[in-house]
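**Q** Below is the structure I would like to discuss, written out as structure tokens.
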Amino acid sequence: MIKTIIRIGIIKYPGVLPSAYIGILDIIRLANQICIEDNLNKKLEYSLFDLNTDSNTSLHNLNKSPFLHYIILPPSIGCDYFLKPDSFLIHWLQQRHKNGSIISAICQSIFILSETQLLNNRFAAVHWKYADDILEKHQKIKLQTNKTLINDGDIITTSGIVSWVDLALEIIAQSISFQVMRKLGKYLIIDTSAREECCYENFRPNLEHGDEVIIKAQHFVHTNFNNTLSVHHLSELCALTERTFLRRFISATGYKPSEYIQQIRIKKASELIEAGIYNIENIASMTGYEDPAAFRKVFSRITGFSPRQFKKCFFQNKMKKPRVDPVENS
């Protein structure tokens, strides 16, 4: 049986926290072992890119790497490289994102990701200690200090220095399955119930299809979902006729552009509801709906819940006690 390979690149930049990237590698190995035991045809492969060498060698190693489904920027300790990252790393991240890689940043490494401008007009999880420093230079980022992890489809950010565990579990749930994530959490004695008990299956955009023109359109939707978007506008952005754009977009993503836009908007709306600080009318406006009634109708159709039911469902699950699995008798 041919295995589906999910390639993960981890950036070992100067001052990176060793326990973070080593821990992520260990979780990847354990996830692969579960896949073997369960006869799953998926495998995580990783590459560790060491930037502690000279810049020419580092750039060569980055450029020769194959397509990476995920790129991880671990947190930092004892060094301020993350405040002044090399320009070649920034350009490489921009190019890989353009090609369809999902970029993730943990704690301090959000400073590196912010230099790429990929976080502009996006929500991003950040440690409260660094929020003001980031906003001083990057006012377009919508920072959230009350969230541990925000999965924005093509960008994932986590706030805490040990939230590499949350990121690793998120990647496994997204790229393999929730079942493998749960087994892994049970083995590591980590409660995964909050991750499993979401009110509906979150939309996961496909960025692995290889059509860079359509990826460009997807990225545009991800950062401009609150604006008026049309096939005409997106086809012009991609320098394609509307007919060609529609055909390629549907072929690449499995959705019509209008359906994709609605999925992204409702995904953002669900995250805003989970934040617990906005009312439904404000969330409708923030996600591109002028009419709250139209927003409620689309939200209910996609999630199966009204916005208020979704909010009630989420906070009920959040208040549940962690699940304790019974101890098996030997």
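**Q** Can you tell me how many residues within the range 256-277 are of a type in the set (A, V, I, L, M, F, W, C) and modelled with pLDDT of 95 or more?
**A** So the count comes out to 1.
**Q** Collect the residues in the range 254-296 that are within 17 Å of Gln309 (Cβ to Cβ) and among the polar types (S, T, N, Q), keeping them in residue-number order.
**A** Scanning the range 254-296 gives Ser270, Asn279.
**Q** Of the residues in the range 256-275, how many are surrounded by fewer than 17 Cβ atoms within 10 Å (Cβ to Cβ) and either without any contact (Cβ under 8 Å) to a residue 40 or more places away in the chain or touching a Cys at 6+ places or on another chain (Cβ under 8 Å) (or both)?
**A** Looking only at that region, the number is 3.
**Q** Taking the range 271-301 as the region of interest, how many residues are of a type in the set (Asp, Glu) and closer than 20 Å to Ile150 by Cβ?
**A** Qualifying residue count for the region: 2.
**Q** Can you say whether Gly304 is surrounded by fewer than 14 Cβ atoms within 10 Å (Cβ to Cβ), under 22 Å from Asn151 (Cβ atoms), within 21 Å of the chain's Cα centre (by Cα) and of a type outside the set (A, V, I, L, M), as far as the supplied structure shows?
**A** For Gly304, the condition - surrounded by fewer than 14 Cβ atoms within 10 Å (Cβ to Cβ), under 22 Å from Asn151 (Cβ atoms), within 21 Å of the chain's Cα centre (by Cα) and of a type outside the set (A, V, I, L, M) - is not met.
**Q** Taking only the range 207-255 into account, find how many residues are outside any helix (DSSP H, G or I) and surrounded by 13 or more Cβ atoms within 10 Å (Cβ to Cβ).
**A** 10
**Q** Still on this structure, please answer the following. Could you list all residues from the range 238-252 that are in contact with a helix residue (DSSP H, G or I) (Cβ under 6 Å, 6 or more places away or on another chain) and in contact (Cβ under 8 Å) with a residue 12 or more places away in the chain?
**A** Those that are in contact with a helix residue (DSSP H, G or I) (Cβ under 6 Å, 6 or more places away or on another chain) and in contact (Cβ under 8 Å) with a residue 12 or more places away in the chain: Cys238, Phe245, Arg248, Phe249, Ala252.
The values are calculated or read from the model by the stated rules, or taken from the named source; none is laboratory data. If you're wondering where the values come from, they're calculated on a predicted model, not measured in any experiment. Cβ atoms come from the backbone with ideal geometry, glycine included; neighbour counts cover every protein chain shown.
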